[in-house]
Amino acid sequence: MIDQYKLVAVDMDGTFLNDQKDYDRQYFAKLYQKMQERGIQFVVASGNQYFQLQTFFSDFPGIIYVADNGAYIRDVKKEYFGSYFKHEQANEILKRLDVYPHLFDELVVSGFKDAYVLNDSSDEFIQTAHYYNRHLQKVASFNSVSEEITKYSFNYSVSDPADFMRRLQVQLAGLGEITTSGHGNFDIIQPGVHKASGLKKLGKRLNIPLRQMCAFGDGLNDLEMLEAVGDGVAMENAAPEVKKIARHQTRTNNEQGVLQYLKQMLGN
């Protein structure tokens, strides 16, 4: 079964990582070696910053990262692809988000080199933002950010997240698309730029079509990816919408469901 797949892509939070933000490194090393021997490329596909994702795999320099929900693709040596909001789009998105009281308090604006939070954000939020964005800067105003913007990420407490997303999507029509990882966080990404589009672009560079890819995910920002690849695998702890479209399902992230599935595919 594994011979038909030449690339394996994994989401991180709630998928590859357990709730302690780690994984069975020894177990993975053995499986990774088997994948290398069979010419299977391992890819991390996440909404998180490249510089954060790379810290989990310092012993595996051959891994490729589809970061920022598909907006930035690279490995430790070279960049494959980068996409960003036009300056006018970025400014307009900030204006439309600013109408929501206190939304800027827990907003992260991401670029290729750094991510940005406001100076007066809480220490607790800045600490959390730094975990997901190892290159993080504090600014007095988001309008002072000069580099190209890849995505916006924020926490916002609402009674009905689905309704909030529908309303905000209408307000962002033509500018950006709102998605969520399902972990109490919302992302605004570039229209048509997501994990699936990132894998498609990477596949063209590597000469691997989507049908020869296997991908794992748990959140709504994994939907396009799991639908696009040859084998989309949902975690047992995935959102119902993800389970509905996935071709297969594996155990929870805390049970190392990704590694269990890969072990079966690769054989003993």
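The values are calculated or read from the model by the stated rules, or taken from the named source; none is laboratory data. Worth saying up front: this structure is predicted, and the values here are computed from it rather than measured. Reconstructed Cβ throughout: ideal geometry from the backbone, glycine too, with neighbour counts over all protein chains shown. Calculation scope for accessible area: heavy atoms of the full protein, side chains included, ligands and nucleic acids excluded. Shrake-Rupley method; radii C 1.70, N 1.55, O 1.52, S 1.80 Å.
Tabulated data
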read-out: Residue within segment 87-106 that is under 19 Å from GLY198 (Cβ atoms), open to solvent by less than 60 Å² (accessible area, probe 1.4 Å), in contact with a helix residue (DSSP H, G or I) (Cβ under 9 Å, 6 or more places away or on another chain) and at pLDDT 95 or above present; value: no
read-out: Any hit, segment 192-210, residues being modelled with pLDDT of 95 or more, closer than 25 Å to GLN264 by Cα, charged (D, E, K, R) and open to solvent by 20 Å² or more (accessible area, probe 1.4 Å); value: no
read-out: Complete set of residues in segment 2-52 that are surrounded by fewer than 16 Cβ atoms within 10 Å (Cβ to Cβ), part of a loop (DSSP other than H, G, I, E, B) and either on the phi > 0 side of the Ramachandran plot or among the basic types (Lys, Arg) (or both); value: LYS21, ARG38, GLY39
read-out: Test result for PHE56, part of a helix (DSSP H, G or I), over 23 Å from ILE189 (Cα atoms) and open to solvent by less than 40 Å² (accessible area, probe 1.4 Å); value: yes
read-out: Pairs, first on the phi < 0 side of the Ramachandran plot in segment 159-170, second surrounded by fewer than 11 Cβ atoms within 10 Å (Cβ to Cβ), C-beta under 9 Å, six or more apart; value: PRO161/GLY184
read-out: Strands (runs of 3 or more DSSP E) within segment 61-140 that include 1 or more residues under 23 Å from ARG205 (Cβ atoms); value: 64-67, 72-74, 79-82, 107-111
read-out: Single residue of SER153, SER159, SER181 found to be of a type in the set (Ser, Thr, Tyr) and modelled with pLDDT of 95 or more; value: SER153
read-out: Among (1) open to solvent by less than 10 Å² (accessible area, probe 1.4 Å); (2) under 23 Å from THR150 (Cα atoms) - the single one ASP75 does not satisfy; value: (1)
